[in-house]
Structure formats: structure tokens, C-alpha cells
Amino acid sequence: MYKKIFIFLMSFTLAHSSFSDNVEGSLSSLDLYKLGYQFEVGIDQEADQAKAHTYYQKAATKGYAEAQYKLGRLYYSGDIDGRADFAKAFDWFSKAAEQEHAAAKWAIGYMYEYGSGTDKNVKEAFAWYQKSAELGYKDAQVSVAGMYLSGIGIEKDPKKSFDWYLKAAFQGDQWAQVLVSISYTNGIGVETDKYIAFNWLKLASLNGFVPAQHLLGKAYQAGDGVKQNNKYAHVWYSLAAGGGSDEAYEAMRELEGSMSEKEKSDAVGLAIRCNTTEYSDCI
């Protein structure tokens, strides 16, 4: 009796497994990629990196570039089994890059820059960053800009550095927006213009970027590119401190030494309003 039940269950399991394999075999690379993504981020079920890897692998083997890139990321991060495999990550990024996948090209550049999964080679890193940047990938544009600024991997060129930071800034990269502001403030690769510098800081700050908020507080305190205003300086220091910036907190406390109790009270009240109106009252 028990033997018959066991044989039945085994037959059912094998039949079900065969059916599942047949169904998956008929899925397109895009469908397999979508299944991998659902398991990676936990859509309609708990996240399962092992299953995400399985489906990404199947889609990647069929040549789907985004799956190849995702598979590379899983190997790089070690999210599959807790152990990173940089060599496999590099291989899968390379396969995706062959299909003009911009993020994969940036990833190859990053691995060359730091010697992960391949020999360290900053010139190769720059070349791959450049390829990705020319496809419009903003992280790569920031990387290219940084290498032009430092002279690592390519001859130093502050003007080209600024141009690449500007491209990334126009795509909404908040670090790039801050770096464009710093470039305008200090005349790095562009003529000094503190008004434009202030406005780039303002843009990043209104989107909640803490480093920009700290610098915006400094601009208000010093009157750089804007009329000097301690109240607004205190507000932006306060907002940045609330976002975790210890430097902004120290600057706020130091500023308070030159403010009256009423000025401090007004600044605190304004900061509270700013938090509830998405900063629209803070500029």
C-alpha cells in the first residue's frame, strides 16, 4: 500500500517537473527575464535570489542583454550564495556589453578601475566608461568626468571634466549637480559664476539631496550667489542635519551663536513648514 503511494507521488513529481521544464522551455528570453526580476525584488512572492539567478541564467543563455547584466550583478554582489564571483561577473557583463548595454559597459570600466575579476587597468577603465557615457549612461558620465578632473587614466582636462558633469547633471544625477555647482563656484573648467552655482545647488536640494542641502546652507550663510540670509542658512542646515549630515548639524549649532532666540525660533518654524510642503517655502 505505502509502496504504491510512494510510486504514485514520485511519478506525479517527475511528471510535474517535466511539464514545468517544457513550459519554461517555451518561454521567451523576455518572459524568463521578467520571472527572474520578480524573484529578485519580491513581486507577488518573497524575494528569492537563487530563483532569480535561475531565470536570469536561462534568459541570459538565450542572449537577453539585460538578463546578462543582472546575472553579472548577482555574481558581483554575491547575492546568489553569499560569495561573490568577480570573474563570472566580468564575463556576463562582457556578454551584455557586446550588445551595447550601457550599464554593463560602465560595470566593466569599474572592474578595470579597481581590478575586480580582471587586472587593474585605469586606461581600460576610462575607455569603457567613455563607451558607456557616449550611450548616455549618467553614472559613466560622472566617472569620465572624475577621471578627466584627476588625470587618472587620461590626460587631465578640467574643461572636459566639467562638460561631462554637466551632461550627467542635466540627466538628474544629484552628485553631478553638486559638482557642477562646485565647478562654477571655483572656476574649474568653466568661468566662475556663483549665481549659477547657487541654482544648481538649489535644484539638487529641492530633490532632497543632503550634501547639496548642506552646501546650500553655506551659500545662504556666506551670501554666495544669493542674498545673505541666516534664517535660510539655518533651515537648510537643519534639513541636511535631519538627513544625517553631522557637518550640517555642527554648522547649524555654530550659526545659532550669532542668532537671536526669535531668529532661531522663526528658522525652526520655517524648517517644519518646509518639510511638509516639499521645500517650496525654503528658497
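The values are calculated or read from the model by the stated rules, or taken from the named source; none is laboratory data. Keep in mind that what you see is a predicted model, and the values were worked out from it rather than measured. Cβ atoms come from the backbone with ideal geometry, glycine included; neighbour counts cover every protein chain shown.
Can you find, within the range 110-121, the residue that is nearest to the chain's Cα centre (by Cα) among those that are assigned to a helix (DSSP H, G or I) and surrounded by 18 or more Cβ atoms within 10 Å (Cβ to Cβ)?
Keep residues of the range 110-121 that are assigned to a helix (DSSP H, G or I), which gives 110-114.
Keeping just the survivors that are surrounded by 18 or more Cβ atoms within 10 Å (Cβ to Cβ) gives 110-113.
Details: TYR110: 13, MET111: 16, TYR112: 19, GLU113: 18 Å.
Out of the qualifying residues, it is TYR110.
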| Taking interchain pairs and intrachain pairs at least six residues apart, which have beta carbon atoms under 7 angstrom, with the first residue in the range 117-139 and in contact (Cβ under 8 Å) with a residue 12 or more places away in the chain and closer than 15 Å to SER94 by Cα and the second among the β-branched types (Val, Ile, Thr) and outside any loop (DSSP other than H, G, I, E, B)? | TRP128/ILE108; TYR129/VAL144
| query | Inside the range 75-99, can you point out the residues that are in contact with an Asp or Glu (Cβ under 8 Å, 6 or more places away or on another chain), of a type outside the set (Phe, Trp, Tyr) and closer than 24 Å to LYS131 by Cα? | reply | ALA96
| request: Go through (1) within 30 Å of LYS156 (Cβ to Cβ); (2) in contact (Cβ under 8 Å) with a residue 12 or more places away in the chain one by one and return the number of the condition GLN221 breaks. | output: (1)
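May I ask you to verify whether TRP164 is assigned by TED's automatic domain parsing to the domain that holds ALA233, of a type in the set (A, V, I, L, M, F, W, C) and surrounded by 18 or more Cβ atoms within 10 Å (Cβ to Cβ)? Lay out the reasoning, then the answer.
On the way: assigned by TED's automatic domain parsing to the domain that holds ALA233: no; of a type in the set (A, V, I, L, M, F, W, C): yes; surrounded by 18 or more Cβ atoms within 10 Å (Cβ to Cβ): yes.
So TRP164 does not fit the description; no.
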| said: If a residue must be closer than 16 Å to VAL210 by Cα and in the same structural domain as LYS218 (by TED's automatic domain parsing), how many such residues does the range 176-198 contain? | reply: 1
| query | Does any residue of the range 241-255 turn out to be at pLDDT 95 or above, more than 24 Å from PHE162 (Cα to Cα), touching a Ser or Thr at 6+ places or on another chain (Cβ under 7 Å) and surrounded by 14 or more Cβ atoms within 10 Å (Cβ to Cβ)? | reply | yes
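Name the single residue that is nearest to the chain's Cα centre (by Cα) among those in the range 248-283 being part of a helix (DSSP H, G or I) and closer than 24 Å to TYR195 by Cβ. Step through it out loud before you land on a result.
Just the residues of the range 248-283 that are part of a helix (DSSP H, G or I), to begin with: 248-256, 261-276.
Adding the requirement that they be closer than 24 Å to TYR195 by Cβ leaves 248, 251, 255, 267, 270, 274.
On the way: ALA248: 23, ALA251: 28, LEU255: 33, ALA267: 32, LEU270: 31, CYS274: 26 Å.
My answer is ALA248.
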| Can you name the number of the only condition in (1) in contact with a Lys or Arg (Cβ under 7 Å, 6 or more places away or on another chain); (2) among the polar types (S, T, N, Q); (3) closer than 26 Å to LYS123 by Cβ that SER161 fails? | (1)
| said: Are there helices (runs of 4 or more DSSP H) fully within the range 127-226 with at least 1 residues that are touching an Asp or Glu at 6+ places or on another chain (Cβ under 7 Å)? List them. | reply: 138-150, 174-186, 194-206, 210-222
